[in-house]
Structures are given as C-alpha cells and as structure tokens.
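Taking it in order: structure first as structure tokens, then the write-up.
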Amino acid sequence: QAQLVESGGGLVQAGGSLRLSCVASGIDFEMSALAWYRQAPGKQRELVAEIYGSSVVRSSDSVKGRFTISRDNAKSTMYLQMNSLKPEDTAVYYCNVATWGNEYWGQGIQVTVAS
C-alpha cells in the first residue's frame, strides 16, 4: 500500500529555517516525479517546487532562492529545505509523488512562521 509520511513542520520565527521530509513506501520512488505543495487558509493549494530525476524543474517565484527541493532515492525520501522563512509562508505543506499514471499525497504538515 502506497504511503507518504511527512515530518519536520512546526512553528518558527521569521528569518528562520525548517526542513520538511517525506518518506515514501509502496511506491516506485526512483521513477517518480516529486513535488511539494502548500495551502494557506482561504487560498488554493499551490505548487512550491517539483523535481524530476535529480534536476529541479520548477519552483514558485515566491520561494526561489529560499526553498530547495531534493531527493534521496536510497531512502525513498524527499526534502524541502526552507530558509529565510516569511509569515506568508505559513501554510499546510503536502508532498506529492506521481508515477506510472498514479498520484499520491501526504497527509499535510503545518508550517507556521511568526513575525
């Protein structure tokens, strides 16, 4: 059974850093496209960053230069390193894995940035 488990969220002061992790099981991780999305209260879910293979394909303009997506295929884990956090980064963050026509979502993890 496919499963994605996120960790690493929490409360941080503006300017601080967090690293989100997402561990996959039951998924052909190495052949998958990976992405992080976020959804702030009252807003639509938006793409933060995505990666195919080992190369970053796309990231939101709002996080460029601050957030970095990466993957460790040996651990079936994806990461989102978030630096220079801003209050507007406050949201529930979701990992997403797409492979062989299937798409999977993590349960979501709260990130709150205090001003």
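The values are calculated or read from the model by the stated rules, or taken from the named source; none is laboratory data. Please read all numbers here as calculations on a predicted model, not as lab measurements. Reconstructed Cβ throughout: ideal geometry from the backbone, glycine too, with neighbour counts over all protein chains shown. To get the accessible areas, we keep the full protein, side chains included, count just its heavy atoms, and leave off ligands, DNA and RNA. Shrake-Rupley method; radii C 1.70, N 1.55, O 1.52, S 1.80 Å.
A compact table of results
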read-out	value
Counting all C-alpha pairs of the chain, share separated by more than 25 Å (%)	16 percent
Spin-label pair Thr112/Ser62, simplified geometry with 7 Å Cα→Cβ offset, distance in nm	1.9 nm
Cβ-derived FRET efficiency at R0 22 Å, Ala74 paired with Arg45, nearest 0.05	0.15
Vicinal HN-Hα couplings computed from phi for region 48-62 (Karplus, 6.51 cos²θ - 1.76 cosθ + 1.60; Hz; Gly/Pro x)	9, 6, 9, 9, 10, x, 10, 10, 5, 9, 7, 9, 5, 4, 5
Solvent-accessible area, 1.4 Å probe, carbon plus sulfur percent, for region 21-115	48 percent
Nitroxide proxy distance, nm - points 7 Å out along Cα→Cβ at Ser55 and Arg19	2.5 nm
Net charge contributed by nearby residues that have their C-beta within less than 11 Å of Gln110 (K/R +1, D/E -1)	0
Cα-based reach from Lys43 at 18 Å (exclusive), listing lysines while leaving out same-chain residues under 8 positions away	Lys86
Backbone N within region 44-61 under 18 Å of label point (7 Å from Glu30 Cα along the Cβ vector)	52-55
Rel. contact order, % - alpha carbon contacts under 8 angstrom, at least six apart, the chain	36 percent
Farthest toward positive dipole pole in the chain [+1 Lys/Arg, -1 Asp/Glu at C-beta], among Tyr94, Gln1, Ser84	Ser84
Ordering of 77-85, 3-11 by packing [mean C-beta count within 10 Å, highest first]	77-85, 3-11
Debye-sum result for region 47-115 in log10 I(q)/I(0), which assumes one identical scatterer on each alpha carbon, at q = 0.14, 0.20 Å⁻¹	-0.46, -0.93
